[in-house]
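This report refers to the structure that appears directly beneath it.
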Amino acid sequence: MKEGGATAPALVEHSFRHEYGRLVSRLSRAFGFYRTELVEDAVQGSLMAALRAWPKSGLPEQPAAWLYRVAKNNLIDELRRSEQRNESIDTQRDGESGGDEFADSSVEQEEAYFEAEFADDELRMLFVCADEAIPVESQLVLALKILCGFSTREIALRLLTSEENVQKRLARGRARLRQLGPSFETPSLPSLQTRRETVLRIVYLLFNEGYSSTLPDRLIRRELCDEAVRLGHLLAAHSRCSCPEGDALLALMYLHAARFDARLDGNGGLLLLEEQDRSKWDRQLIQRGVAWLQRSGRGEVFSRYHAEAAVAVEHCIAPSYAETNWREIVDLYETLERLAPSPLHALNRAIALAEWQGPEAGLAVLRVIKPPSWLSGYYLWDATLGELERRAGNMEPARRYLQRALEAAPHPAEKGLLQRRLAACQ
């Protein structure tokens, strides 16, 4: 079965990726956050059912409702088998027909929320994952798995760690959710602000995965970027969660999203900033980004999101790549290193410094840095060193670094770019 040129498995994958976090969040809210692991299994089961059913019967009119019904029924069946069903949960199985987005009357009806509660299940789930009792590294892994449906490999690549570490962190986070108990509903008002920093980082990582995906067949996943922006707006609109850092993060996301259409060539190849057709940049999104950055200037806060958004503004307002204010960008990266010390920020500073003062200036920054173990083998580190060595005329080390980056790059488009650079070393 094909629909608009796409095969059934591809349509299942798209629907599942798009709806995964929403399904897990809604079912966890309805059945209890302490049952989230069972909910995940039920949602995974709905994917398997779709893979079996949709190629034969065709894509349902409302794929989200179909997946929700199957996942809910899977969960109810499992609770019955394990004798864990709460009597207050309506266990009446959903019928196969139904029209609205979710064929569950309790979901269709609007709920009355107190100020402490969020009218959005996914945002509520974000704050649940940011529970102070869960180690920070487990909070991020838990949210990326539950809300984004990321695989262990995707999380490991995004967080620059091993899959084994991801599994351990995920196990710790899930153990905490099991401890919450059936009476838990929403984090208390004071905890919203204490958990806000973690929630912002989760939204940031969600957008980054969409902007530069670790999936081998998709460099850009716009649905993840759209979801991150939506969550950012929900945070900005909530009286207890609105903050300058959140406004700056929204600015950063809009400024990056403005360049989507210019990042790939007609064959899906990756175009660097200097290669992009700036007439394809979305000026309306740039204006939104600038407006959110201006709003973020209230108060005395200047966060990493402010610094990164300011860098993005410099790129967006430059008439051309050659006319970019690289000196200002170097200064902003120096500020970013003070706010959130990381060799990756030093890497970006070295790139900007090389554009301003030449490749040797950038290499001087990187040569004195001993990358930590978690950065060992990171392809962008090797790719940057290789490119700067190439520009400096040092072809032997350039080829070595670029070859190593090529072997580790996760995406064909990035591999194509590295192959072009390797060819230039000959």
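The values are calculated or read from the model by the stated rules, or taken from the named source; none is laboratory data. As the structure is a computational prediction, the values presented were derived from the model and not from experiment. Backbone-built Cβ (ideal geometry, glycine too); neighbour counts: all protein chains shown.
To keep it simple, each residue is scored yes or no on (1) closer than 19 Å to residue 283 by Cα; (2) touching a residue at least 40 places away in the same chain (Cβ under 8 Å); (3) not hydrophobic (A, V, I, L, M, F, W, C).
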site	(1), (2), (3)
219	no, yes, no
225	yes, no, no
234	no, yes, no
237	no, no, no
240	no, yes, yes
243	no, yes, no
250	yes, yes, no
254	yes, no, yes
261	yes, no, yes
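When you go through 404, 391, 400 one by one, which is the residue that is basic (Lys, Arg), on the phi < 0 side of the Ramachandran plot, surrounded by 15 or more Cβ atoms within 10 Å (Cβ to Cβ) and within 28 Å of the chain's Cα centre (by Cα)?
On inspection, the qualifying residue turns out to be 404.
Can you report the number of residues in the stretch 56-77 which are buried (at least 16 other Cβ atoms within 10 Å of the Cβ) and more than 13 Å from residue 27 (Cβ to Cβ)?
Going through the stretch 56-77 one residue at a time, the tally reaches 6.
On the given criteria, is residue 372 surrounded by fewer than 21 Cβ atoms within 10 Å (Cβ to Cβ) and within 16 Å of residue 160 (Cβ to Cβ)?
So residue 372 fits the description; yes.
Consider residue 278 carefully, then state whether it is closer than 23 Å to residue 245 by Cα and of a type in the set (D, E, K, R).
Criteria not met by residue 278.
Among the residues of the stretch 304-324, which ones are among the hydroxyl-bearing types (Ser, Thr, Tyr) and surrounded by fewer than 21 Cβ atoms within 10 Å (Cβ to Cβ)?
Matches in the stretch 304-324: 320, 321, 324.
Filter the stretch 305-337 for residues that are among the small types (Gly, Ala, Ser) and in a helix (DSSP H, G or I) and give the result.
Once the filter is applied, which keeps residues that are among the small types (Gly, Ala, Ser) and in a helix (DSSP H, G or I), the stretch 305-337 yields 307, 309, 310, 312.
Taking the residues in the stretch 407-426 that are touching a helix residue (DSSP H, G or I) at 6+ places or on another chain (Cβ under 9 Å), under 22 Å from residue 154 (Cβ atoms) and among the aliphatic types (A, V, I, L, M) as candidates, determine which candidate is surrounded by the most Cβ atoms within 10 Å (Cβ to Cβ).
It comes out as 418.
Among residues belonging to the stretch 213-246 that are among the aliphatic types (A, V, I, L, M) and under 30 Å from residue 406 (Cβ atoms), point out the one that is modelled with the highest pLDDT.
Residue satisfying both the conditions and the ranking: 228.
Select from the stretch 314-333 the residues that are closer than 21 Å to residue 285 by Cβ and under 24 Å from the mean Cα position of the chain (by Cα) and list them in ascending order.
Within the stretch 314-333, 314, 315, 316, 332 qualify.
Given the criteria closer than 19 Å to residue 210 by Cβ and β-branched (Val, Ile, Thr), does residue 286 qualify?
Yes.
Given the criteria out of contact with any Cys (no Cβ under 6 Å at 6 or more places or on another chain) and either in contact (Cβ under 8 Å) with a residue 40 or more places away in the chain or loosely packed, with under 14 Cβ neighbours inside 10 Å (or both), does residue 289 qualify?
no
How many residues, within the stretch 210-247, are touching an Asp or Glu at 6+ places or on another chain (Cβ under 8 Å) and aliphatic (A, V, I, L, M)?
6
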